[in-house]
There are 2 protein chains.
Amino acid sequence: MSEKDELFEKQISSKEVYKGKLLWIFEDQVTLPNGQIASREIMKHNGAAAIVPITEDGKVIMERQFRYPLNRVITEIPAGKLDGPNEDRLEAAKRELKEETGITADTWINLGDYYPSVAYTTECITLFLASGLHKGERKLDEDEFLNLEEVPLEDVVQDIMDGKIADGKTIAAILKADKYLSTHSL
Amino acid sequence: MSEKDELFEKQISSKEVYKGKLLWIFEDQVTLPNGQIASREIMKHNGAAAIVPITEDGKVIMERQFRYPLNRVITEIPAGKLDGPNEDRLEAAKRELKEETGITADTWINLGDYYPSVAYTTECITLFLASGLHKGERKLDEDEFLNLEEVPLEDVVQDIMDGKIADGKTIAAILKADKYLSTHSL
(Lines give C-alpha, C1' and ligand atoms only; values in the text may rest on other atoms or scores of the structure.)
Protein backbone atom coordinates (compact mmCIF):
# COMPACT_ATOMS: atom_id res chain seq x y z
CA MET A 1 0.00 0.00 0.00
CA SER A 2 1.37 3.44 -0.90
CA GLU A 3 2.00 6.07 1.77
CA LYS A 4 -0.80 8.15 0.27
CA ASP A 5 -3.30 5.27 0.66
CA GLU A 6 -2.13 4.65 4.21
CA LEU A 7 -2.44 8.26 5.38
CA PHE A 8 -4.66 10.33 3.07
CA GLU A 9 -7.90 11.95 4.33
CA LYS A 10 -10.53 12.82 1.73
CA GLN A 11 -12.85 15.81 2.13
CA ILE A 12 -16.58 15.02 2.13
CA SER A 13 -17.98 18.42 3.07
CA SER A 14 -16.91 21.85 4.32
CA LYS A 15 -18.94 24.39 6.30
CA GLU A 16 -17.95 27.91 7.34
CA VAL A 17 -18.68 28.30 11.05
CA TYR A 18 -17.06 31.66 11.86
CA LYS A 19 -15.73 34.56 9.84
CA GLY A 20 -14.12 37.44 11.69
CA LYS A 21 -11.81 40.15 10.40
CA LEU A 22 -8.77 37.94 11.05
CA LEU A 23 -9.95 34.39 11.80
CA TRP A 24 -11.93 32.25 9.34
CA ILE A 25 -13.05 28.86 10.65
CA PHE A 26 -14.46 25.80 8.87
CA GLU A 27 -15.84 22.46 10.07
CA ASP A 28 -15.15 19.78 7.48
CA GLN A 29 -16.05 16.10 7.26
CA VAL A 30 -13.40 13.71 5.95
CA THR A 31 -13.03 10.04 5.15
CA LEU A 32 -10.10 8.52 7.06
CA PRO A 33 -7.69 5.96 5.55
CA ASN A 34 -9.70 3.19 7.29
CA GLY A 35 -12.94 4.37 5.68
CA GLN A 36 -14.41 5.90 8.83
CA ILE A 37 -15.69 9.46 8.90
CA ALA A 38 -14.17 12.16 11.12
CA SER A 39 -14.58 15.90 11.56
CA ARG A 40 -11.78 18.41 11.06
CA GLU A 41 -11.78 22.03 12.25
CA ILE A 42 -9.51 24.32 10.28
CA MET A 43 -8.59 27.98 10.15
CA LYS A 44 -8.03 29.44 6.69
CA HIS A 45 -5.36 32.11 6.37
CA ASN A 46 -3.92 33.97 3.37
CA GLY A 47 -0.37 33.59 4.61
CA ALA A 48 2.32 36.02 5.69
CA ALA A 49 5.95 37.02 5.32
CA ALA A 50 8.59 37.53 8.03
CA ILE A 51 11.97 39.18 7.69
CA VAL A 52 15.39 38.99 9.38
CA PRO A 53 16.78 42.46 8.54
CA ILE A 54 20.52 42.39 9.21
CA THR A 55 22.92 45.35 9.23
CA GLU A 56 26.43 45.33 7.77
CA ASP A 57 27.88 44.87 11.27
CA GLY A 58 25.67 41.84 12.02
CA LYS A 59 22.85 43.40 14.01
CA VAL A 60 19.22 42.35 13.57
CA ILE A 61 16.39 44.92 13.63
CA MET A 62 14.01 43.40 16.20
CA GLU A 63 10.55 44.51 17.28
CA ARG A 64 9.03 44.79 20.76
CA GLN A 65 5.29 44.42 20.43
CA PHE A 66 2.35 43.76 22.77
CA ARG A 67 0.68 40.49 21.77
CA TYR A 68 -2.83 40.34 23.12
CA PRO A 69 -3.24 36.52 23.15
CA LEU A 70 -0.18 36.26 25.45
CA ASN A 71 -1.01 39.49 27.36
CA ARG A 72 2.58 40.69 27.24
CA VAL A 73 5.23 42.45 25.17
CA ILE A 74 7.39 40.05 23.18
CA THR A 75 10.50 40.30 21.03
CA GLU A 76 10.09 39.22 17.42
CA ILE A 77 11.22 39.89 13.85
CA PRO A 78 9.22 42.13 11.50
CA ALA A 79 6.35 40.29 9.78
CA GLY A 80 2.95 40.83 8.29
CA LYS A 81 0.03 39.22 6.52
CA LEU A 82 -0.30 39.04 2.75
CA ASP A 83 -2.85 41.52 1.34
CA GLY A 84 -4.62 38.57 -0.32
CA PRO A 85 -4.03 34.92 -1.17
CA ASN A 86 -2.22 35.77 -4.41
CA GLU A 87 0.09 38.56 -3.24
CA ASP A 88 3.71 37.88 -4.03
CA ARG A 89 5.46 36.96 -0.78
CA LEU A 90 8.60 38.97 -1.48
CA GLU A 91 6.50 42.05 -2.26
CA ALA A 92 4.62 41.54 1.02
CA ALA A 93 7.90 41.19 2.89
CA LYS A 94 9.23 44.44 1.37
CA ARG A 95 6.00 46.29 2.22
CA GLU A 96 5.83 45.06 5.81
CA LEU A 97 9.51 45.79 6.50
CA LYS A 98 9.07 49.32 5.15
CA GLU A 99 5.83 49.94 7.08
CA GLU A 100 7.01 48.57 10.42
CA THR A 101 10.64 49.71 10.45
CA GLY A 102 11.02 52.28 7.63
CA ILE A 103 13.76 50.08 6.15
CA THR A 104 14.33 49.12 2.53
CA ALA A 105 16.87 46.45 1.57
CA ASP A 106 19.08 45.81 -1.47
CA THR A 107 19.43 42.04 -1.05
CA TRP A 108 16.68 39.51 -0.26
CA ILE A 109 17.28 35.81 0.37
CA ASN A 110 14.35 33.39 0.71
CA LEU A 111 14.98 31.23 3.81
CA GLY A 112 12.02 28.92 3.11
CA ASP A 113 8.47 28.47 4.34
CA TYR A 114 7.26 28.11 7.94
CA TYR A 115 3.92 26.48 8.83
CA PRO A 116 3.00 27.74 12.34
CA SER A 117 0.48 25.03 13.18
CA VAL A 118 -0.08 22.19 10.71
CA ALA A 119 -2.80 20.66 12.91
CA TYR A 120 -5.36 23.40 12.32
CA THR A 121 -4.32 26.22 10.00
CA THR A 122 -3.46 26.65 6.33
CA GLU A 123 -1.19 29.57 7.27
CA CYS A 124 2.24 29.61 5.64
CA ILE A 125 4.81 32.29 6.53
CA THR A 126 7.68 32.74 4.07
CA LEU A 127 10.92 33.71 5.82
CA PHE A 128 13.41 36.17 4.31
CA LEU A 129 16.88 37.46 5.12
CA ALA A 130 17.27 41.12 4.11
CA SER A 131 20.60 42.96 3.93
CA GLY A 132 22.00 46.13 2.41
CA LEU A 133 19.62 48.10 4.61
CA HIS A 134 18.57 51.74 4.11
CA LYS A 135 16.73 53.52 6.87
CA GLY A 136 13.68 55.73 6.23
CA GLU A 137 10.34 56.72 7.72
CA ARG A 138 8.08 53.97 9.03
CA LYS A 139 4.30 54.03 8.51
CA LEU A 140 2.47 51.90 11.08
CA ASP A 141 -1.16 50.84 10.80
CA GLU A 142 -3.49 52.92 12.99
CA ASP A 143 -3.82 50.20 15.64
CA GLU A 144 -0.18 49.07 15.52
CA PHE A 145 2.27 50.04 18.26
CA LEU A 146 5.80 48.69 18.32
CA ASN A 147 9.32 49.63 19.37
CA LEU A 148 12.47 48.76 17.45
CA GLU A 149 15.88 47.67 18.67
CA GLU A 150 19.13 46.59 17.01
CA VAL A 151 20.57 43.42 18.54
CA PRO A 152 23.71 41.50 17.49
CA LEU A 153 22.67 38.25 15.76
CA GLU A 154 24.65 36.13 18.25
CA ASP A 155 22.73 37.74 21.14
CA VAL A 156 19.38 36.98 19.47
CA VAL A 157 20.51 33.36 18.98
CA GLN A 158 21.53 33.18 22.64
CA ASP A 159 18.15 34.60 23.76
CA ILE A 160 16.48 31.89 21.67
CA MET A 161 18.64 29.15 23.21
CA ASP A 162 17.92 30.57 26.70
CA GLY A 163 14.14 30.59 26.00
CA LYS A 164 13.87 34.38 26.32
CA ILE A 165 12.65 34.60 22.72
CA ALA A 166 9.87 32.06 22.09
CA ASP A 167 7.99 33.47 19.10
CA GLY A 168 7.89 30.62 16.57
CA LYS A 169 8.60 32.47 13.32
CA THR A 170 11.46 34.32 15.06
CA ILE A 171 13.08 31.09 16.33
CA ALA A 172 12.79 29.49 12.88
CA ALA A 173 13.97 32.48 10.84
CA ILE A 174 16.84 33.49 13.13
CA LEU A 175 18.25 29.96 13.50
CA LYS A 176 17.95 29.39 9.74
CA ALA A 177 19.60 32.77 9.03
CA ASP A 178 22.37 32.06 11.54
CA LYS A 179 23.07 28.68 9.93
CA TYR A 180 22.92 30.16 6.43
CA LEU A 181 25.36 32.94 7.40
CA SER A 182 27.81 30.42 8.86
CA THR A 183 28.55 29.31 5.26
CA HIS A 184 27.63 32.41 3.20
CA SER A 185 28.71 36.04 3.40
CA LEU A 186 26.19 38.85 3.11
CA MET B 1 6.90 56.73 29.28
CA SER B 2 7.52 53.08 30.15
CA GLU B 3 7.47 50.39 27.46
CA LYS B 4 4.34 48.97 29.10
CA ASP B 5 2.51 52.31 28.82
CA GLU B 6 3.63 52.69 25.21
CA LEU B 7 2.49 49.24 24.08
CA PHE B 8 -0.04 47.68 26.48
CA GLU B 9 -3.59 46.81 25.37
CA LYS B 10 -6.23 46.51 28.09
CA GLN B 11 -9.17 44.12 27.80
CA ILE B 12 -12.63 45.71 27.97
CA SER B 13 -14.77 42.68 27.09
CA SER B 14 -14.53 39.12 25.83
CA LYS B 15 -17.15 37.09 23.94
CA GLU B 16 -17.01 33.44 22.88
CA VAL B 17 -17.96 33.25 19.20
CA TYR B 18 -17.13 29.61 18.34
CA LYS B 19 -16.38 26.49 20.31
CA GLY B 20 -15.52 23.32 18.41
CA LYS B 21 -13.78 20.17 19.61
CA LEU B 22 -10.38 21.67 18.81
CA LEU B 23 -10.79 25.39 18.10
CA TRP B 24 -12.15 27.90 20.62
CA ILE B 25 -12.57 31.46 19.35
CA PHE B 26 -13.20 34.75 21.18
CA GLU B 27 -13.86 38.31 20.03
CA ASP B 28 -12.50 40.77 22.57
CA GLN B 29 -12.56 44.55 22.82
CA VAL B 30 -9.41 46.31 24.01
CA THR B 31 -8.21 49.80 24.77
CA LEU B 32 -5.10 50.66 22.71
CA PRO B 33 -2.13 52.63 24.10
CA ASN B 34 -3.55 55.78 22.44
CA GLY B 35 -6.92 55.32 24.22
CA GLN B 36 -8.82 54.17 21.14
CA ILE B 37 -10.84 50.97 21.15
CA ALA B 38 -10.05 48.02 18.88
CA SER B 39 -11.28 44.45 18.46
CA ARG B 40 -9.07 41.38 18.84
CA GLU B 41 -9.91 37.86 17.67
CA ILE B 42 -8.11 35.13 19.55
CA MET B 43 -8.00 31.36 19.65
CA LYS B 44 -7.63 29.80 23.09
CA HIS B 45 -5.58 26.60 23.29
CA ASN B 46 -4.46 24.46 26.25
CA GLY B 47 -0.97 24.06 24.85
CA ALA B 48 1.09 21.10 23.66
CA ALA B 49 4.42 19.34 23.87
CA ALA B 50 6.77 18.28 21.05
CA ILE B 51 9.72 15.94 21.25
CA VAL B 52 13.01 15.39 19.40
CA PRO B 53 13.64 11.69 20.19
CA ILE B 54 17.28 10.95 19.37
CA THR B 55 18.98 7.53 19.26
CA GLU B 56 22.47 6.78 20.56
CA ASP B 57 23.82 6.95 17.00
CA GLY B 58 22.31 10.37 16.35
CA LYS B 59 19.13 9.48 14.46
CA VAL B 60 15.83 11.29 15.07
CA ILE B 61 12.51 9.41 15.16
CA MET B 62 10.41 11.41 12.70
CA GLU B 63 6.74 11.08 11.76
CA ARG B 64 5.05 11.16 8.36
CA GLN B 65 1.50 12.34 8.85
CA PHE B 66 -1.32 13.65 6.65
CA ARG B 67 -2.19 17.18 7.70
CA TYR B 68 -5.65 18.10 6.50
CA PRO B 69 -5.24 21.92 6.48
CA LEU B 70 -2.30 21.52 4.04
CA ASN B 71 -3.89 18.56 2.19
CA ARG B 72 -0.64 16.60 2.15
CA VAL B 73 1.65 14.31 4.09
CA ILE B 74 4.37 16.16 5.98
CA THR B 75 7.45 15.23 8.00
CA GLU B 76 7.43 16.34 11.62
CA ILE B 77 8.56 15.44 15.12
CA PRO B 78 6.22 13.66 17.59
CA ALA B 79 3.89 16.08 19.41
CA GLY B 80 0.53 16.28 21.05
CA LYS B 81 -1.88 18.48 22.95
CA LEU B 82 -1.99 18.70 26.72
CA ASP B 83 -4.96 16.85 28.26
CA GLY B 84 -5.97 20.08 29.99
CA PRO B 85 -4.57 23.54 30.81
CA ASN B 86 -2.84 22.27 33.96
CA GLU B 87 -1.25 19.06 32.69
CA ASP B 88 2.48 18.91 33.32
CA ARG B 89 4.23 19.47 29.99
CA LEU B 90 6.89 16.83 30.56
CA GLU B 91 4.20 14.26 31.44
CA ALA B 92 2.32 15.19 28.25
CA ALA B 93 5.53 14.82 26.23
CA LYS B 94 6.18 11.36 27.71
CA ARG B 95 2.60 10.25 27.01
CA GLU B 96 2.53 11.52 23.43
CA LEU B 97 5.93 10.02 22.59
CA LYS B 98 4.78 6.65 23.95
CA GLU B 99 1.40 6.77 22.18
CA GLU B 100 2.71 7.87 18.79
CA THR B 101 6.00 5.95 18.60
CA GLY B 102 5.94 3.36 21.42
CA ILE B 103 9.16 4.89 22.76
CA THR B 104 10.09 5.69 26.35
CA ALA B 105 13.19 7.74 27.17
CA ASP B 106 15.63 7.88 30.12
CA THR B 107 16.75 11.49 29.66
CA TRP B 108 14.60 14.54 28.99
CA ILE B 109 15.94 18.02 28.32
CA ASN B 110 13.61 21.03 28.09
CA LEU B 111 14.56 23.03 24.95
CA GLY B 112 12.20 25.90 25.75
CA ASP B 113 8.79 27.12 24.69
CA TYR B 114 7.52 27.76 21.16
CA TYR B 115 4.58 30.09 20.40
CA PRO B 116 3.27 29.07 16.96
CA SER B 117 1.35 32.27 16.21
CA VAL B 118 1.53 35.15 18.67
CA ALA B 119 -0.90 37.25 16.60
CA TYR B 120 -3.95 35.13 17.31
CA THR B 121 -3.45 32.13 19.61
CA THR B 122 -2.55 31.51 23.24
CA GLU B 123 -1.00 28.16 22.21
CA CYS B 124 2.41 27.38 23.68
CA ILE B 125 4.29 24.21 22.70
CA THR B 126 7.09 23.13 25.03
CA LEU B 127 9.97 21.49 23.14
CA PHE B 128 11.93 18.54 24.56
CA LEU B 129 14.99 16.53 23.59
CA ALA B 130 14.62 12.86 24.60
CA SER B 131 17.47 10.34 24.64
CA GLY B 132 18.22 6.94 26.10
CA LEU B 133 15.35 5.54 24.03
CA HIS B 134 13.58 2.21 24.61
CA LYS B 135 11.26 0.89 21.93
CA GLY B 136 7.84 -0.59 22.73
CA GLU B 137 4.29 -0.82 21.38
CA ARG B 138 2.62 2.35 20.17
CA LYS B 139 -1.04 3.13 20.85
CA LEU B 140 -2.47 5.61 18.36
CA ASP B 141 -5.77 7.44 18.79
CA GLU B 142 -8.59 5.91 16.72
CA ASP B 143 -8.47 8.66 14.08
CA GLU B 144 -4.66 8.96 14.04
CA PHE B 145 -2.59 7.50 11.19
CA LEU B 146 1.15 8.04 10.96
CA ASN B 147 4.33 6.38 9.75
CA LEU B 148 7.68 6.51 11.52
CA GLU B 149 11.20 6.86 10.13
CA GLU B 150 14.67 7.20 11.66
CA VAL B 151 16.69 9.98 10.05
CA PRO B 152 20.22 11.17 10.96
CA LEU B 153 19.99 14.55 12.72
CA GLU B 154 22.27 16.20 10.14
CA ASP B 155 19.92 15.08 7.34
CA VAL B 156 16.89 16.53 9.15
CA VAL B 157 18.81 19.80 9.57
CA GLN B 158 19.69 19.78 5.86
CA ASP B 159 16.04 19.15 4.90
CA ILE B 160 15.07 22.15 7.05
CA MET B 161 17.70 24.35 5.40
CA ASP B 162 16.54 23.15 1.96
CA GLY B 163 12.90 23.94 2.82
CA LYS B 164 11.78 20.30 2.53
CA ILE B 165 10.70 20.34 6.18
CA ALA B 166 8.56 23.42 6.91
CA ASP B 167 6.57 22.43 10.01
CA GLY B 168 7.20 25.23 12.51
CA LYS B 169 7.64 23.25 15.74
CA THR B 170 9.94 20.83 13.88
CA ILE B 171 12.17 23.63 12.53
CA ALA B 172 12.39 25.25 15.98
CA ALA B 173 12.97 22.05 17.97
CA ILE B 174 15.46 20.45 15.57
CA LEU B 175 17.59 23.59 15.12
CA LYS B 176 17.59 24.20 18.89
CA ALA B 177 18.49 20.54 19.54
CA ASP B 178 21.25 20.64 16.91
CA LYS B 179 22.74 23.78 18.46
CA TYR B 180 22.42 22.34 21.98
CA LEU B 181 24.14 19.10 20.91
CA SER B 182 27.03 21.04 19.33
CA THR B 183 28.14 21.94 22.87
CA HIS B 184 26.65 19.12 25.00
CA SER B 185 26.91 15.34 24.77
CA LEU B 186 23.84 13.15 25.19
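The values are calculated or read from the model by the stated rules, or taken from the named source; none is laboratory data. What you are looking at is a predicted structure, and each value in this text was computed from that prediction instead of being measured. Note: ideal-geometry Cβ built from the backbone for every residue, glycine included; neighbour counts use all protein chains shown. Note: areas computed on protein heavy atoms with side chains; ligands, DNA, RNA excluded. Shrake-Rupley method; radii C 1.70, N 1.55, O 1.52, S 1.80 Å.
Between copies, B:GLU154 shows label-point distances of 2.4 nm, shortest first, with the point placed 7 angstrom from Cα along Cα to C-beta.
Enter the accessible area per residue of chain B (Å², integer; probe 1.4 Å; all protein chains in place). Could the numbers behind the result be given before it?
Numbers: 8440 Å² over 186 residues.
In whole numbers, chain B has 45 Å² accessible per residue.
3J(HN,Hα) couplings calculated from phi for the stretch A:38-54 with the Karplus curve 6.51 cos²θ - 1.76 cosθ + 1.60 (θ = phi - 60°) are, in sequence order, 9, 9, 10, 9, 9, 10, 8, 8, 5, x, 7, 9, 9, 10, 9, x, 10 Hz; Gly and Pro show x. Note on chain A: with a GNM built from Cα contacts shorter than 10 Å, the maximum mean-square fluctuation among A:LYS94, A:LYS81, A:LYS164 falls on A:LYS164. How much of B:PHE66 can a 1.4 Å solvent probe reach, expressed as accessible area in Å² and rounded to 10? About 10 Å², ignoring ligands and nucleic acids.
Enumerate by residue number the GluC sites (Glu not before Pro) in the stretch B:116-178 meeting two conditions: DSSP loop (anything except H, G, I, E, B), and at most 12 other Cβ atoms within 10 Å of the site's Cβ. The partial results should precede the final answer.
Numbers: sites: B:GLU123, B:GLU137, B:GLU142, B:GLU144, B:GLU149, B:GLU150, B:GLU154; in loops: B:GLU123, B:GLU137, B:GLU142, B:GLU144.
Within the stretch B:116-178, the qualifying GluC sites (Glu not before Pro) (loop, at most 12 other Cβ atoms within 10 Å) are B:GLU137, B:GLU142.
Largest mean-square fluctuation among B:LYS15, B:LYS59, B:LYS98, in a Gaussian network model of chain B whose springs join Cα atoms under 10 Å apart, belongs to B:LYS15. Could you tell me whether the stretch A:104-186 comes out rounded, prolate or oblate from its Cα gyration tensor? Rule is a ≥ b ≥ c as square roots of the eigenvalues, rounded for a/c under 1.5, then prolate if a/b exceeds b/c, otherwise oblate. Rounded, because the longest to shortest axis ratio a/c is under 1.5.
Among the residues of the stretch B:35-52, those with an accessible-area drop of 40 Å² or more from chain alone to full protein complex, heavy atoms and 1.4 Å probe, are B:ARG40, B:GLU41.
If I build a Gaussian network model for chain A, linking alpha-carbon pairs within less than 10 angstrom, which residue out of A:ILE77, A:ILE37, A:ILE125 has the largest mean-square fluctuation? Of the options given, A:ILE37 has the highest mean-square fluctuation.
What is the magnitude of the charge dipole of the stretch A:35-186 about its Cα centre, with +1 placed on the Cβ of each Lys and Arg, -1 on the Cβ of each Asp and Glu, and no other charges, expressed in debye to the nearest 20? Here the stretch A:35-186 has a charge dipole of around 380 debye. Using the Cβ-Cβ distance between A:LYS19 and A:ARG95 with R0 = 30 Å, the FRET efficiency computed as 1/(1 + (r/R0)^6) comes to roughly 0.75.
With all protein chains present, how much of the accessible area of the stretch A:1-130 (probe radius 1.4 Å) comes from carbon and sulfur, to the nearest whole percent? That share works out to 45 percent.
So, R0 is 22 Å and r is the distance between the beta-carbons of A:ILE109 and B:ASP162; what FRET efficiency does that work out to, to 0.05? With a Förster radius of 22 Å, E is 0.95.
How would you classify the protein assembly as shown from its alpha-carbon gyration tensor, with a ≥ b ≥ c the square roots of the eigenvalues: rounded for a/c under 1.5, else prolate if a/b is greater than b/c, otherwise oblate? Verdict is oblate for the protein assembly as shown. Interface area, chains A and B: about 6200 Å² of buried accessible surface, summed, with a 1.4 Å probe and ligands, DNA and RNA left out.
Heavy-atom accessible surface of B:HIS45, to the nearest 10 Å², is about 30 Å², with a 1.4 Å probe and all protein chains retained. Helix A:89-101 axis versus longest C-alpha principal axis of chain A: approximately 50°, rounded to the nearest ten. In this assembly of identical copies, the label point of A:GLN36 (Cα plus 7 Å along Cα-to-Cβ) is separated from its counterparts by 5.0 nm, sorted shortest first.
Need one word for chain A: rounded, prolate or oblate. Basis is the Cα gyration tensor (sqrt eigenvalues a ≥ b ≥ c); a/c below 1.5 gives rounded, then a/b vs b/c decides. Note, shape of chain A comes out prolate. Spacing of the modelled spin labels on B:MET1 and A:ASP57, each 7 Å from Cα toward Cβ, amounts to 2.9 nm.
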